[in-house]
1. Using a/c under 1.5 as the rounded threshold, could you call the range 51-117 rounded, prolate or oblate? The axes a ≥ b ≥ c are square roots of the C-alpha gyration tensor eigenvalues, and prolate needs a/b larger than b/c, oblate otherwise.
2. Explain nothing, just the number: relative contact order of the chain, from Cα pairs under 8 Å at least 6 residues apart, as a whole percent.
3. Once you order the gyration tensor axes a ≥ b ≥ c over the Cα atoms, which shape class does the range 33-83 get: rounded for a/c under 1.5, otherwise prolate or oblate by comparing a/b with b/c?
4. log₁₀ I(q)/I(0) of the range 10-152 at q = 0.15 Å⁻¹, via Debye over equal Cα point scatterers, no solvent, to two decimals?
5. Pairs K66/K140; K60/K92; K49/K100; K49/K79; K65/K100: which exceed 25 Å Cα-Cα?
6. What is the Cα centroid distance between the range 20-41 and the range 52-85, reported in whole angstrom?
7. Per residue, how much accessible area does the range 16-56 have with a 1.4 Å probe, in Å²?
8. Please report the relative contact order for the range 7-93, taking Cα pairs under 8 Å with a sequence separation of at least 6, and give it as a percent rounded to a whole number.
Amino acid sequence: MTDKLNFLNIDFPKLLAKLNAQDKGEWGVLNGQQMVEHMSDSVRIANGKDKMVLQYPPEKALEYKKFALSDRDFKQNTKNSLMSETPAAIRKSSMQEAIKELENELACFKDFFETNKNATLTNPFFGDMNFEEWTHLLHKHALHHCKQFRLV
């Protein structure tokens with residue numbers, strides 16, 4: 001788990017710093033900065049700032065959660081039903097600010113679970129998740145986007 005957390009907090013931001021805001025991925029509609037801001041959105045769910053409700057019946061979410069916690073990669077062009085086909089406008093004035101926002105959200109993620117050791121937070125697709133589960137999912141999500149933008 002420590003390796004995944006270190007990747008998220010140290011390696012991932014370094015990889016993102018190599019990306020230009022307007023770079024396009026191998027698939028999908030997000031540019032580099034939109035992807036970084038999308039990752040911040042995901043981390044805000046994982047750190048409790050953005051409360052979510054389950055989008056599926058609990059038994060379906062449990063099935064999906066097994067995939068989320070596996071070592072299988074997300075497929076290219078995996079659809080997120082909470083995202084529009086048209087990318088959201090960028091929020092930050094630069095890629096550096098977007099990366100800084102992501103780093104801050106990741107720090108809040110760690111802080112939240114250090115303060116609330118046994119907490120679970122609802123992922124809209126996979127149900128209630130604890131710190132270890134969220135860390136695994138965020139790592140998997142980050143790697144998915146690293147591959148999308150040829151960063152790994």
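1. On the way: a/c = 1.96, a/b = 1.25, b/c = 1.57.
Oblate shape, in that a/c is at least 1.5 and b/c is the bigger or equal ratio.
2. Working: 181 pairs, mean separation 63.7, N = 152.
Rounded, it is 42 percent for the chain.
3. Values: a/c = 1.80, a/b = 1.22, b/c = 1.47.
Oblate, because a/c is 1.5 or more while a/b does not exceed b/c.
4. Per q value, in the given order, log10 I(q)/I(0) is -0.76.
5. Checking Cα-Cα distances, K60/K92; K65/K100 exceed 25 Å.
6. The range 20-41 and the range 52-85 have Cα centres spaced 20 Å from each other.
7. Accessible area per residue: 46 Å².
8. Working: 37 pairs, mean separation 27.5, N = 87.
In percent, rounded to a whole number, it is 32.
The values are calculated or read from the model by the stated rules, or taken from the named source; none is laboratory data. Given the structure is predicted, the values throughout are model-derived calculations rather than measurements. Positions of Cβ are backbone-derived with ideal geometry, glycine not excepted, and every protein chain shown enters the neighbour counts. With ligands, DNA and RNA removed, areas are computed over all heavy atoms of the protein, side chains included. Shrake-Rupley method; radii C 1.70, N 1.55, O 1.52, S 1.80 Å.
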